[in-house]
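Read the structure below first, then the notes.
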Amino acid sequence: MTKHSNETIRSTFPMPALHRREVLALGAGGLLAASGLGARAQTKAAPPPPAKPTGQVVVGLSQEPTAFNPLMPGIEVDETVWMQLFNTMWLADPQGNLMPDLAAEIPSEANGGISEGGLVWKVKLRAGVTWHDGTPFTAEDVKYTLELINAPGFKSRTRVGHALVKDIKVTGPLEITWRMEKAYAPYLALLSNTFIVPKHLLEKASDPNTAPFNSAPVGTGPFKWGTRQPGDNITLVANEKYHGKGPYLEKAVLKYVPDQTALYAQFRTGQVDLIIGTGIPANFYEEAKKLPGRKVVMIPNASLEILMPNLENPVLAEKAVRQALYASINKQAIIDVIYYGTHKPTESFAPQESWAYNPNLPKQQYDLAKANKILDEAGWKRSGSGVRMKNGVPLEFAVSTTTGAALREQCQQLMMQDWQQVGVKMTISNMPAAVIWGEFYTRSKFQSLLVGTAFRTVIDPDPASRFASDAIPAKNGSGANQMQWQNAEVDKLLKAGQETFDQAKRKEIYWKLQEIAREELPILPIFQYAPIEGYKEGLIGYEPNINARQNTWNMGSWYWAR
């Protein structure tokens, strides 16, 4: 993996001292001023890395990794392990540039790696790579990996994009070609998150779903599997025959502490060297910034906090209702007071760091008078109870989220108060995570959800799996369009965005998609996440990457200043 030697440190100024209970008491009339969160970046020359692996780092996680075959279903934290043990053919840096890893170069139309309008792919692989057991890495491993993903009966993490791959041929020890059923530009991004597995080990298993490899993985990455203490930690050890720079650490201990407050306490006392993933709880942010010997960073993240309406609900199906609801969400209060100013408002489904992000979308303004006007003009009349009615239907719906998510519950209370002022009756229907993220979510049985999610294909801006009419699971589609949004113009744009590799053309397409989504509001965006991570001073190489699922993406390049 490519290494970065400069240490980047970000800090923010204090926020206004206004407490959450105060804004909840303000209700609809309490429009808060935005807090001026400034940021400054500091860089300083880093000392050189050690000549041989030395020292260890203890990484604090709030969840326990449990799946170690990177092609099988797992949760996000599992990638913390995968990206140390395995490699992809290429990976994305924090700026979104693809960098060769197991591949010698990134295939493109310009270098002939992608031809016939995106249908034929040819990849040249890096020489001199070995598996942790000393076996040489070859094109046969890539072929085996791509075929295993699509193999009947194999419990694949995802077949999106991979299902289009046909006629895979090894044309040399370090060269492989295949054909695509149709041109699919996001496949470059998907392959940046597709870890290559060893053919010589997995092909021996009678069933790759239950292979010994799955609990004692062997990869090509900067670290090798060490030990696992279920319920406590995983220890990885340096791969001194790694094909890239590093690793510079002798060991990496992934320590899991499920209680986020307890995890933060261990960071504060020095038992863990850094906290990643879910990060430091927002209510500890001000304290954490002042801890001696610690660096606290607000990191970029591609996920959004949104209100997700079910567009098959007769009330929420009406655009005017969604527009009125959006105008009467006090987004700034939610961000500044409930979330301590740690997230940033957005109008788009695309992360603001993306090359496809449209910065020209209309900015939402908290305006109860505008919301009332929209509903009046749409024929929603106030009844004696104060709840608006139209054709005998009350303007009423439920908002659901995970039970025990205290900050989201406070958001629900604030939205309920504001919406009541414009004649909307909102009820709360929360449930445990195991229930809400089952068929209630996947089969669109909700009325609306307060949820965090992303709308892209790995690092590619393609949102087809979330917005296409044929991606509605409740209508037997393959995808995650739980809103059940159907728009013929959007379908055409999504198809066009997938079929061209020209970034300028794709940018034009996705700008238009964002304009339509901002007008139609199939989702009501509240903010883009900016989680808080922290690490000990003296750790060199840590670098947040919005294009990696975990900020251990370059852990092979980490080391301690001596």
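The values are calculated or read from the model by the stated rules, or taken from the named source; none is laboratory data. These numbers come from a predicted model, not from an experiment. When we count neighbours, we look across all protein chains shown, and the Cβ atoms used for this are built from the backbone with ideal geometry, even at glycine.
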Quiz item: Is one or more of the residues making up the stretch 391-412 assigned to a strand (DSSP E or B), under 16 Å from VAL321 (Cα atoms), touching a helix residue (DSSP H, G or I) at 6+ places or on another chain (Cβ under 8 Å) and not β-branched (Val, Ile, Thr)?
Solution: no
Quiz item: In the set VAL253, VAL257, VAL197, which member is modelled with pLDDT under 95 and touching a Ser or Thr at 6+ places or on another chain (Cβ under 7 Å)?
Solution: VAL257
Practice problem: Restrict the check to the stretch 458-466 and report whether at least one residue is in contact with a strand residue (DSSP E or B) (Cβ under 9 Å, 6 or more places away or on another chain), touching a residue at least 40 places away in the same chain (Cβ under 8 Å), under 23 Å from ALA433 (Cβ atoms) and buried (at least 16 other Cβ atoms within 10 Å of the Cβ). | Solution: yes
Quiz item: Does GLU312 meet the test of being at pLDDT 95 or above, in a loop (DSSP other than H, G, I, E, B), touching a Ser or Thr at 6+ places or on another chain (Cβ under 8 Å) and outside the structural domain of ARG549 (by TED's automatic domain parsing)?
Solution: yes
Quiz prompt | Residue count, the stretch 175-193 (criterion: within 19 Å of LEU98 (Cα to Cα) and among the basic types (Lys, Arg)) | solution = 0
Quiz item: Do any helices (runs of 4 or more DSSP H) lying entirely in the stretch 452-521 carry at least 1 residues that are aromatic (Phe, Trp, Tyr) and not assigned by TED's automatic domain parsing to the domain that holds SER192, and which ones are they?
Solution: 464-467, 503-520
Quiz item: When SER115 is evaluated against the numbered criteria (1) more than 26 Å from GLY226 (Cα to Cα); (2) in contact with a strand residue (DSSP E or B) (Cβ under 6 Å, 6 or more places away or on another chain); (3) among the hydroxyl-bearing types (Ser, Thr, Tyr), which criterion, by number, is the only one it fails?
Solution: (2)
Quiz item: Just checking, which of THR403, THR427 is of a type outside the set (A, V, I, L, M, F, W, C) and under 25 Å from TRP485 (Cα atoms)?
Solution: THR427
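Conditions tested, residue by residue: (1) assigned to a helix (DSSP H, G or I); (2) surrounded by fewer than 16 Cβ atoms within 10 Å (Cβ to Cβ).
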{"site": "LEU188", "(1), (2)": "yes, no"}
{"site": "PHE195", "(1), (2)": "no, no"}
{"site": "LYS204", "(1), (2)": "no, yes"}
{"site": "ASN209", "(1), (2)": "yes, yes"}
{"site": "PRO217", "(1), (2)": "no, no"}
{"site": "THR227", "(1), (2)": "no, yes"}
Quiz item: Is it the case that the stretch 501-514 has a residue that's at pLDDT 95 or above, small (Gly, Ala, Ser), within 21 Å of LEU316 (Cβ to Cβ) and more than 20 Å from the chain's Cα centre (by Cα)?
Solution: no
Exercise. Those residues that are assigned to a loop (DSSP other than H, G, I, E, B) and surrounded by 14 or more Cβ atoms within 10 Å (Cβ to Cβ), I need them from the stretch 68-82; list them, please.
Key: PHE68, ASN69, PRO70, LEU71, MET72, GLY74
Quiz item: Quick check: is even one residue across the stretch 164-172 without any contact (Cβ under 8 Å) to a residue 40 or more places away in the chain, closer than 27 Å to ASN547 by Cα and touching a strand residue (DSSP E or B) at 6+ places or on another chain (Cβ under 7 Å)?
Solution: yes
Self-check item: Sole exception among (1) in a loop (DSSP other than H, G, I, E, B); (2) at pLDDT 95 or above; (3) under 21 Å from ALA92 (Cα atoms) for HIS132, by number
Solution: (3)
Practice problem: Scan LEU395, LEU361, LEU368 and give me the residue that is over 17 Å from LEU450 (Cβ atoms), in the same structural domain as PRO309 (by TED's automatic domain parsing) and touching a strand residue (DSSP E or B) at 6+ places or on another chain (Cβ under 7 Å). | Solution: LEU395
Quiz item: Hey, among TYR340, TYR326, TYR264, which residue is of a type in the set (Phe, Trp, Tyr) and in a loop (DSSP other than H, G, I, E, B)?
Solution: TYR340
Quiz prompt | Pairs where the first residue, in the stretch 411-426, is at positive phi and the second is part of a helix (DSSP H, G or I), C-beta under 8 Å, 6+ apart | solution = GLY423/ASN372; GLY423/LEU375
Practice problem: Determine, yes or no, whether PHE446 is in contact (Cβ under 8 Å) with a residue 24 or more places away in the chain, in a loop (DSSP other than H, G, I, E, B) and not acidic (Asp, Glu). | Solution: yes
Quiz item: Among the residues of the stretch 122-153, which ones are touching a residue at least 60 places away in the same chain (Cβ under 8 Å) and crowded, with 18+ Cβ neighbours inside 10 Å?
Solution: ARG126, VAL129, TRP131, HIS132, PHE137, THR145, LEU148, ILE149
Exercise. Looking at (1) under 19 Å from GLN514 (Cβ atoms); (2) crowded, with 22+ Cβ neighbours inside 10 Å, find the lone condition where VAL424 falls short.
Key: (1)
Quiz item: Which of the residues that make up the stretch 42-67 are at pLDDT 95 or above, in contact with a strand residue (DSSP E or B) (Cβ under 8 Å, 6 or more places away or on another chain) and in a loop (DSSP other than H, G, I, E, B)?
Solution: PRO49, PRO50, PRO53, THR54, GLY55
Quiz prompt | Contacts under 9 angstrom Cβ, first residue in the stretch 80-101 being within 15 Å of LEU254 (Cβ to Cβ) and charged (D, E, K, R), partner at pLDDT below 95 and surrounded by 21 or more Cβ atoms within 10 Å (Cβ to Cβ), 6 or more apart | solution = none
